[in-house]
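So the structure is just underneath, and the comments pick up after that.
The values are calculated or read from the model by the stated rules, or taken from the named source; none is laboratory data. All figures in this text were calculated on a predicted structure; none of them were measured in a lab. Please note: Cβ atoms are built from the backbone with ideal geometry, for glycine as well, and neighbour counts cover all protein chains shown. Side chains included, ligands, DNA and RNA excluded: accessible areas come from the protein's heavy atoms. Shrake-Rupley method; radii C 1.70, N 1.55, O 1.52, S 1.80 Å.
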Amino acid sequence: MGKQQIRQGIRQTQRQRLTPLQLLIGQMIEKPIDQLTEYVNQQLIDNPALEVKPSDESEWDQPQDSTTEDLSRQENHEDEDFMGEEKIPVQETQPHQDPSNNVSFYDKLRQQMGETDLNEQQCHIMEYLIGSLDNDGLLRKDIETISDEMAIYQNLDASVEEIKEVLSKLQTFDPAGVGAQSLQQCLLLQIERRKEGWTKDVLQKIIKTYFDDLLKNHWTKLQRTLHLDEEEKEEIKAELKKLNPKPGAALGEVQGTSIQQVTPDFIVETTDDGQVNFSLRRGRLPELEISESYIETLNSMRNLSRKDKEAIPLLKKDVDGAKMLIDALQQRQATLTKTMAAIIRRQRKFFLDGDEADLQPMALKDIAADTGLDISTVSRVTNEKYAETRWGIFRLRYFFSDRYHNDGDEVSTRKIKSALKDIIDHEDKHHPLTDMQLEDALKKKGFQTKRRTIVKYREQMNIPKSSLRKK
């Protein structure tokens, strides 16, 4: 038996640690314009070294031309002012409503948050969870990822257990199902609020135990397994239809507004001659500068006695914090501008004609490669940001789609879905097409799509199978 040798040594490893400025920039990039404005206004209250810089609207940057190939120039203008709030005439795509009556999905959740007993740590976690919800009102991120993100970008140490506890509180908010981490959990949260009884028991059993059968519409099997007669089966089906797989969208309708009725961070203008320009929207975001009187006070104290000089570190901390915030806001502008320019260049045709089928395959890594930004930065830029176009208001994530290889060519999955929906919309409703027939119809349009892929896309678009589409 050989001898075991114990070796002792020193090994150097490199670990990248984010600086306070990088952490702050990450926070600034992630915040939509309304949240950013609220944050900056609070900093004006908390930091006496900050003050609002008088500015004239004519001094704001002009709309950016997205055709410019050299994006590096934008990085060198981080000291320029933010762009104007409303420089571009944009076609209204929704009926005019009194803004005072419009309560967005996220605003409504924050109102309920204010009515919930939360400590300071839980408030920060709840804010982050609400901001991480998708359009449907579901939380698609896993808890571990959220814990890591909060540590990196908000310098907040929130354990998985703490986040789960706050998430459970969020899941008690209205509408029922909000904050669920899956469709199955979303439906169960809604059922749990129902009165006790036979219907509730059966619904819970179906969702918990036979969810796959439900998704596949295997009602014959469900009826047999649950010992339902025909009348009971129809009653359960009717109750299931009352459940909402998209509670976020439902809340928008209840409030008389759409989830899309938010303050867009970008305004995109297209012209008849094919130009696409955009502006980074300022909204009510104040322009900041460091107070000259505060600097003068700090400088004058250097000649005072040692005892009086004890206040200097506190004043210097305020000034450093003010400089860092101003720098972070300027870098936010450069990063968002660079990212939007790259998105428009790749999706130029869509911005010109508004046809969803013209959206090209595009992933976060593509924009990261185009801009030289880290993929996590691109993710934060495109999270909960909106662009106002002549075709409507769109979430930035709307412009991203997966790739599908079609006879060697890459096409957007959204393009295939658009073609599939068009075929179904124009089918004979008395003799709807089966998935196999849909496969043949798509092939005639040039899409070599397999039947199982068609089933997946059809289900993603909430389109039932042929037997349920028949009139």
Exercise. Which of the residues spanning segment 19-34 are open to solvent by 30 Å² or more (accessible area, probe 1.4 Å) and farther than 21 Å from Arg395 by Cα?
Worked result: Thr19, Pro20, Leu21, Gln22
Seminar exercise, completed: Exactly one of Leu243, Leu251 is modelled with pLDDT under 80, crowded, with 17+ Cβ neighbours inside 10 Å and closer than 30 Å to Val202 by Cα, and that one is Leu251
Exercise. Do we find that Leu396 is surrounded by 18 or more Cβ atoms within 10 Å (Cβ to Cβ), at pLDDT 85 or above and in contact with a strand residue (DSSP E or B) (Cβ under 9 Å, 6 or more places away or on another chain) in this structure?
Worked result: yes
For this session: Could you please tell me which pairs satisfy a Cβ distance under 7 Å, a separation of 6+ or placement on different chains, a first residue in segment 169-191 that is more than 17 Å from Leu215 (Cα to Cα), and a second residue that is assigned to a loop (DSSP other than H, G, I, E, B) and among the basic types (Lys, Arg)?
Result: Ala176/Arg193
For this session: Could you tell me which residue of segment 138-173 is most open to solvent (accessible area, probe 1.4 Å), considering only residues that are modelled with pLDDT under 85 and closer than 21 Å to Asn244 by Cα?
Result: Arg140
Problem set entry | Count - residues of segment 365-390 that are open to solvent by 10 Å² or more (accessible area, probe 1.4 Å) and within 20 Å of Met150 (Cβ to Cβ) | 8
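Taking the condition at pLDDT 80 or above, farther than 30 Å from Ala322 by Cβ and open to solvent by 20 Å² or more (accessible area, probe 1.4 Å), does Leu215 pass?
So Leu215 passes the test.
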Problem set entry | Looking only at segment 441-455, and only at residues there that are exposed (fewer than 12 other Cβ atoms within 10 Å of the Cβ) and part of a helix (DSSP H, G or I), the one that is nearest to the chain's Cα centre (by Cα) | Arg452
Exercise. If only one of Glu459, Glu388, Glu427 is under 23 Å from the mean Cα position of the chain (by Cα), charged (D, E, K, R), modelled with pLDDT of 80 or more and over 30 Å from Phe278 (Cβ atoms), which one is it?
Worked result: Glu459
